[in-house]
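The values are calculated or read from the model by the stated rules, or taken from the named source; none is laboratory data. The structure displayed is predicted, hence computed values, not measured ones. FYI the Cβ positions are ideal-geometry reconstructions off the backbone, even for glycines, and counts take in every protein chain you see. Remember, those area values only see protein heavy atoms, side chains included, never the ligands or the DNA or RNA. Shrake-Rupley method; radii C 1.70, N 1.55, O 1.52, S 1.80 Å.
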Amino acid sequence: MRAAARPDLIAARDRIAHLAGQCGQDPAEVLSVERLGHLSGIEPELIPQVLAGTAAEVPLERRVHERFLRLRATRRDKHGREWSLAAIAEDFDAPGASLGPLNAGTGLPRLGHAAGVQRFFGVYAGFLMADSKSAVERALAAGPDGPVAADDLDHLSYLSGLTPQAIRLTLDGHPPRLPLREQVRLRFEHLRRTRPRADGRPHSLTAIAGSFDASGQSLTRLARGEGLPNLAAAAGIQRFYGVEGGFLLADDAEALAGVLGCVEGELRSVRAGGTDGENPMLAVLRAHDVRSIVTRAGRLSPAGWKSLADYLDELLAREGRPVPREPEPGTTAPGGGDGARVPGGEEAS
């Protein structure tokens, strides 16, 4: 993110503290360094320095390495163990050894591997790498002036990099799924088209690449759709255009700004009449997923339901969310015993 475009983190923190008080929430809890650190990937003890603008800048390779280690340390499996490199890499059809340099801090992963790692742990992958649903969710939740209206397709397109038609499909529960190479090319084209120079012309490849000490030729294959940029180039492109780099790539100030923006958006939704801090359109978007899962799960055997429940526990643990405890035998689950019936007469909790 360009320094000139960097938001005032202290002002954002103060707005959130004020909003939290208006919503009946404890500002100290909403803004705790542990919570902000978990969401941003920044070590909690560094949060005050990042807020004050006194934190030292960390080189990209070290930053990506430290964020990866923090993901593994804070988003464990349901047994409390760190996910193995093999388990993480298997999720995107790669060998565990391919993540060895990232884990050891001796090299950057490929762009596709970085996208896969962030998808595995359920964190935002950044403007270029986020899938359609994640991109629209981020645009809905974190507009610079508060949550964006779902019918403002042009603004959502500007923020997300998707076409208005793709956004409508996503909101209707049918997010487009493109190969990563095609997605990154289209998002790059979108940035050049929608964020031009002062004279209205797109920034040249040479100017973009020069901002991170590379040659314009290094971006030619990306512009032609013939290959993916390396991770350093992807970070540089996103920084040049002032869009979010994602959990692994964002510098500390940008990462914290993104988290504070989302927290502020949640509180504005609460103040506007929401019940749990969720933008109403985000709730609709996620409801499509719930209905799709429930429809397919209804065809499972009792053993299939058990496997599904185990996998959901793994996903919750992977994303650092608490795994709900099963009710004791003979007790009623919260909600008065109206849980969904599963095959075999059991009741889903």
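Just how many % of Cα pairs in region 155-275 lie over 24 Å apart, if you round to the nearest whole percent?
Counting pairs separated by more than 24 Å, the tail of P(r) holds 37 percent.
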| For region 169-267, which GluC sites (Glu not before Pro) are in a loop by DSSP, counting at most 14 other Cβ atoms within 10 Å? | Glu226
| said: Once R0 is set to 25 Å, what does the formula 1/(1 + (r/R0)^6) return for the Cβ-Cβ distance between Gln165 and Arg193, expressed as a FRET efficiency to the nearest 0.05? | reply: 0.95
| request: Determine, at each q value in 0.15, 0.28, 0.29 (inverse angstroms), the log₁₀ of I(q)/I(0) that the Debye formula gives when each Cα of region 64-128 is one equal point scatterer. | output: -0.41, -1.49, -1.57
| Net lengthening on full extension, Glu34/Asp213 (0.36 nm per residue, minus Cα-Cα) | 60.9 nm
| remark: Residue span Ala11 to Arg76: 0.36 nm per residue of separation minus Cα-Cα distance leaves a gain in nm of 20.0 nm
| message | Loop only by DSSP, 11 or fewer other Cβ within 10 Å of the Cβ. Give me the GluC sites (Glu not before Pro) in region 20-103 that pass, ordered by residue number. | response | Glu57
| said: What distance in nm lies between label points placed 7 Å from Cα along the C-beta direction at Thr206 and Asp172? | reply: 4.5
| field | Chain lengthening between Thr220 and Arg299 when straightened (0.36 nm per residue, less Cα-Cα) | value | 23.6 nm
| query | Which semi-axes, in whole Å and largest first, does the equivalent ellipsoid of region 198-253 have when worked out from the alpha carbon gyration tensor as the square roots of 5 times its eigenvalues? | reply | 19, 15, 10
| task | Using a 1.4 Å probe and ignoring any ligands, DNA or RNA, find the accessible area of Arg81 and quote it in Å² to the nearest 10. | result | 140
| task | State the three equivalent ellipsoid semi-axes of region 1-119, derived from the C-alpha gyration tensor as the square roots of 5 times its eigenvalues, in descending order and whole Å. | result | 31, 19, 12
